[in-house]
Amino acid sequence: MRILFFFFGLIQTVVFAQPPPKLELLKSKNQWVDSNLDKDGWKYFQDQYTNESSLNEGDEESTFIPSLLQSGKDLFSSLTGFSFSIRRFRMKGLSNRYFSQSIHEISMNQLSDGNIPWVNWGGLNEVTSNNQYAAGLKDNEFQFGALGNAVFMQLNASKLFPQTTVSLNLSNRNYHQRFAFTKVWSENKNGWSFASSFAFKQGIGGVIKANEFKGASYFLSIDKRLRNQLFSLVLLGNRQVNTRAAAITQEVVQLANSKQYQPVWGYQSSKIRNASWQFNHHPMLILSHEFNLHEKIKQVSTLLLSSGEKYTTALDWYNAIDPRPDYYRYLPSFYSDSLLKQNVLSQIQLNPSQLQIDWDQLYWINQNSTSDKRARYLLEDRVEQSKKIVLNTRYRIQLTNQLLISFQGQYRKEAYTYFKRINDLLGAAYSMNWNHFAEDNLPNSTAIQNDLNHPNQIVGQGDTFGYSYKMLLSQWLIMSQALYTMPKFDFNAAIEYTSTLYQREGNYRNGVFPQNSYGLSEPNYFNNGQIKVGVIYKLNGRNYFYFRTAFSSKPPLVNDLYISPRISSLKQLDISNERAYMAEAGYILNAPKLKITLNGYWINIYNAMDVMSFYHDGYRNLVNYALSDIGSKMVGLEFSMAVSLNGRVTFNSAISAGKFVYHGRPNYIVMADNEPYISEKGFLYIDQFPVTGLPQLALYNGFTYRSNSNLFLNLSSSYMGNQWLSFNPIRRTYDAAQNLPIHLDVDQITRPNNLPNAFILDFSAGYSCRIKKFRDGSAYYLQFFLGVNNLMNQSIITGGYEQLRFDLPGGDVNKFPNKYYYSLGTLYSLSVKCKL
């Protein structure tokens, strides 16, 4: 406690020792201020220093104190957004649906899963940095916002920084080379503005031997200003295909003698081939219209159209042994007999290729098992096609100098089509569209049919099989908010109402669920609302105190509503809206040489839902664990500080410390894919268990040096701890505890698994030089950037999970051990950018 008093006393001394601000022009401008750094580098460097106008704020003698400005990012996010990402850090412990990313005032969050599809505009770093940021419940003029944070991106050509840049990046990350060209024209005398950007990424091999990455992104923006109106067109997209990494057990790490081992690839005719790919391409067309109806009234209307596809590839097999080289029955730990264990170990040591996929063997089996060459093995695509249309209109009304109000109306329609597609028959002639897990469903002889409308269907390469269905989603939204500014106080309030419709449409009549699989299901309607209020007390132009609170009600995610939408329209038994309550309070100091943000928060979430699908050894089938009434509580503190030590050196620090736990006992039901009834139901005993998958303690410290010659250096450290693996719900049920052998304690299977703490050092450097200056004041610049992450070359566990398979009769947690993801060691990114 004395240390805390001393710490805050020191801060107070520094604050009141600051000289009064002077309104003066900056004598020199670092060229990095106008640069758009590579996102894989220290992108927050620009965000942190572009708001230099804040140095001139805070006349303590003024009777009207300025409000806090919207900026690219707040200090805490600028420092932590990149450094903590290696451990999947999420602010306040919230899930993805409580964060928002908008482009031209339209939220990019998907109704299906709540996620933000960042990959859709990946690679367009030079034009996607024009953002405004609202941390937590902070007010903004565009939308209601989000409990976590909200980012608002503007891509109008007339609002982008005029530039002509050519960029080249070399890296040992997932991609190895990146080339980008960006051109932004200033508005001409006829009111036209243009902007375009193109980027290409590629990489083969590297830290992971079978890694491959190819991406091409594109952007076009056209503006036409007509008196008090602005018409805009934006087209953007990113076509990307890359290999994926799988989580691995500690046993295979030891067998392969590498934490970068991957079981998803092998050799075919002596050439590397990967079985796990991911493809994504969702181009977007955005049309917007800004109309200044009056000097105090502005209307902004936006139409978004998007259509695209993504898929992942995986091996599938029928009446054949498991082709995965890390399958638990192929490993020494499966055998209890010491001689058999040693024999398996010796075979792997003598022939390490056993730990990779034997593609030649799969082809041989397909071509020689039956005379008609029916596929025993095949490579499948798990496809998601989507179409989206969104129409949004917002009115901004400045009623008085102190009162600003806005109204928003939006209609959103999303349609998703899910199916499996044969990518490669691996030398076979055909396959059958059968449900092989239902072969034992006697006397129901039709259960094996994936589609009763086309029984015994023969399928070949490019054909749909397995499952095929659509999710039809739509939502109406209306929102209103107000901001009232006073000399010492700012008040804000916002309210939002949504009406959401979910409906499943089956393209197959499944043999197990013939009455609940084909055609349109009953629609599901959800009415929800959100409300938030906040107040800021402006002690002076440097010191701000605030308090905000909110209530949020959201519909369940459609992927958590249906138990197994692949084969039926059956839904969870206990369906309700997800509710969240939040309050936060904090302090902001914005002085010339010292910046501080301090935020404390409390969040309580009720009635969340989840569905987990996996292979269950007891049922010998794919099963679906449908969870409902999940509650969680997050309490914590966020602190950040930037101190200018001598005008050239800045010390930055950030702390995120919280306690995130589940509360209550969620309900669960179990349904197997080959049985049209509920097999189990009960409660999960996870009350006060930690929320998993993210660090609950994260610390950042760094020093930045900036010279007058446009050089910057940064050395930083990050520490992350209190992180637990995503856990298996089966191990937290009554049945799991009751069936344990006498020698086992319940705590041995229910205790969450804690990840080791991680300490990471990062370094970055940048230099900008002028290579030519013209009489009109313009110039050509050459910029260099080097970013090195994980200087100590540690192979850090970045995440993982308990396997959903569990030895229920024996209670042996080591039979299906935990799986982990590992970092790639030291990573570098070297960029050269020419600004013409």
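Here are a few things to note about the model shown:
- Checking every one of the trypsin sites (Lys or Arg not before Pro) in the range 296-391 against DSSP loop status and a limit of 10 other Cβ atoms within 10 Å picks out no site at all.
- Length added when fully stretched, TYR525-ASP322, from 0.36 nm per residue minus Cα-Cα: 68.8 nm
- Ordering PHE806, PHE774 by the number of other Cβ atoms within 10 Å of each residue's own Cβ, fewest first, gives PHE774, PHE806.
- Chymotrypsin sites (Phe, Trp or Tyr not before Pro) within the range 287-339: DSSP coil, no more than 15 neighbouring Cβ in 10 Å: TYR318, TYR327, TYR335
- Rg/Rh for the range 381-466 stands at 1.42; both radii use Cα atoms, and Rh follows the Kirkwood definition.
- Full extension of the segment from GLN738 to LEU399, taken as 0.36 nm per residue of separation minus the current Cα-Cα distance, would add 115.4 nm.
- Over the chain: helical MRE at 222 nm, DSSP H runs n ≥ 4 each giving -39500 (n - 2.57), nearest 500: -2500 deg cm²/dmol
- The alpha-carbon of LYS488 sits under 18 angstrom from the alpha-carbons of these lysines, leaving out residues fewer than 8 places away in its chain: LYS138, LYS538.
- Rg in Å to one decimal, and Dmax rounded to a whole Å, for the range 198-349 via C-alpha atoms: 25.8, 86
- Over the chain: Rg over Rh, Cα atoms, Kirkwood Rh: 0.97
- Three principal axis extents describe the C-alpha atoms of the range 460-557; from largest down they are 71, 30, 18 Å.
- Helix 359-368 vs. the chain, principal-axis angle (Cα, 0 to 90°, nearest 10): 40
- Taking the C-alpha atoms only, the angle from helix 2-16 to the longest principal axis of the chain is near 40 degrees.
- Taking only the C-alpha atoms of the range 618-769, the Rg (one decimal) and the largest Cα-Cα distance, Dmax (whole number), read 23.6, 73 Å.
- All aspartates and glutamates inside 14 Å of LYS341 as judged from Cα atoms, apart from same-chain residues fewer than 8 positions distant: GLU251
- Distance in nm between pseudo-label sites at THR446 and ARG805 (7 Å out along the Cβ direction from Cα): 3.4
- When the P(r) of the range 531-586 is calculated, the portion above 20 Å amounts to 53% of the C-alpha pairs.
- Translational D in µm²/s for the range 729-836 (Stokes-Einstein at 20 °C, 1.002 mPa s, Kirkwood Rh from C-alpha pairs): 114
- Coarse-grained scattering of the range 493-608 at q = 0.15 Å⁻¹, given as base-10 log I(q)/I(0) from a Debye sum over alpha-carbon atoms: -0.77
- If the segment from ASN814 to TYR497 were pulled out straight at 0.36 nm per residue, it would be longer than the present Cα-Cα gap by 109.3 nm.
- Links that overshoot a 20 Å alpha carbon limit, given the list LYS92/LYS554; LYS92/LYS659; LYS214/LYS470: LYS214/LYS470
- Within the range 161-249, trypsin sites (Lys or Arg not before Pro) in DSSP loop having at most 10 other beta-carbon neighbours inside 10 Å: LYS189, ARG227
- Projected label distance in nm at GLN202 and GLN361, using a 7 Å step from Cα toward the beta-carbon: 3.4
- With N the number of residues in the range 594-639, Rg(Cα) / (2.2 N^0.38 Å) evaluates to 2.02.
- From least to most packed, judged by other beta carbons within 10 angstrom and beginning with the fewest, LEU94, LEU305 follow the order LEU305, LEU94.
- Of all lysines in the structure, the ones whose alpha carbon falls short of 21 Å from that of LYS189, not counting any fewer than 8 places away in one chain, are LYS159, LYS224.
- Distance between modelled label sites at SER336 and SER709, nm, 7 Å Cα→Cβ extension: 7.2
- For the range 528-659, relative contact order (Cα pairs under 8 Å, six or more residues apart, normalised by length) works out to 20 percent.
The numbers here are math on the coordinates, done by the rules we state, and not lab data. Just so it is clear, the model here is predicted, and its values are computed rather than measured. Glycine also receives a Cβ, built like all others from the backbone with ideal geometry; neighbour counts cover every protein chain displayed.
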